[in-house]
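The values are calculated or read from the model by the stated rules, or taken from the named source; none is laboratory data. Note that the coordinates shown come from a computational prediction; the quantities given were computed from them, not determined experimentally. So basically every Cβ, Gly included, is an ideal-geometry build from the backbone, and we count neighbours across all protein chains shown.
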Amino acid sequence: MLTLCTCSAIHQLSLYDGKAEPDLRPIGVIRLADMIMHLWQRYISTALVPLAGTSVTVRREMGVFNNHVSVRIEGKVNAIVQRTTDGASSRSSSWTHVRPRHPGCRC
């Protein structure tokens, strides 16, 4: 579910053309991703780690898998933030380039 949400948010941001006002709704996915990550980490620590018991191999594999999931989610969140920032900065730079000239003004 989270992968679908983040991928669709990234897709929505990739459709931005730079001329219209940027759509900031995909940023809402970041909060959802944060809540899911906290829930995931709590689940790992309260349910799965006790099940692993004293098996070092199982704990190591769980740690590797947990880190892999965290890195993937962080990468998608970073992509959303980067594309949103790029869209907002391109929109604001278009405002600064289009400056009306007034007759008689020396500015």
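At a glance:
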| quantity | calculated |
| --- | --- |
| Only listed residue being in a loop (DSSP other than H, G, I, E, B), modelled with pLDDT under 85 and touching a helix residue (DSSP H, G or I) at 6+ places or on another chain (Cβ under 8 Å), chosen from Pro100, Pro22 | Pro22 |
| Single match in Gly53, Gly28 (criterion: closer than 25 Å to Asp86 by Cα and among the small types (Gly, Ala, Ser)) | Gly28 |
| Residues of segment 22-60 classified as of a type outside the set (Lys, Arg), surrounded by fewer than 14 Cβ atoms within 10 Å (Cβ to Cβ) and either more than 26 Å from Asn78 (Cβ to Cβ) or in contact with a Leu (Cβ under 7 Å, 6 or more places away or on another chain) (or both), total | 9 |
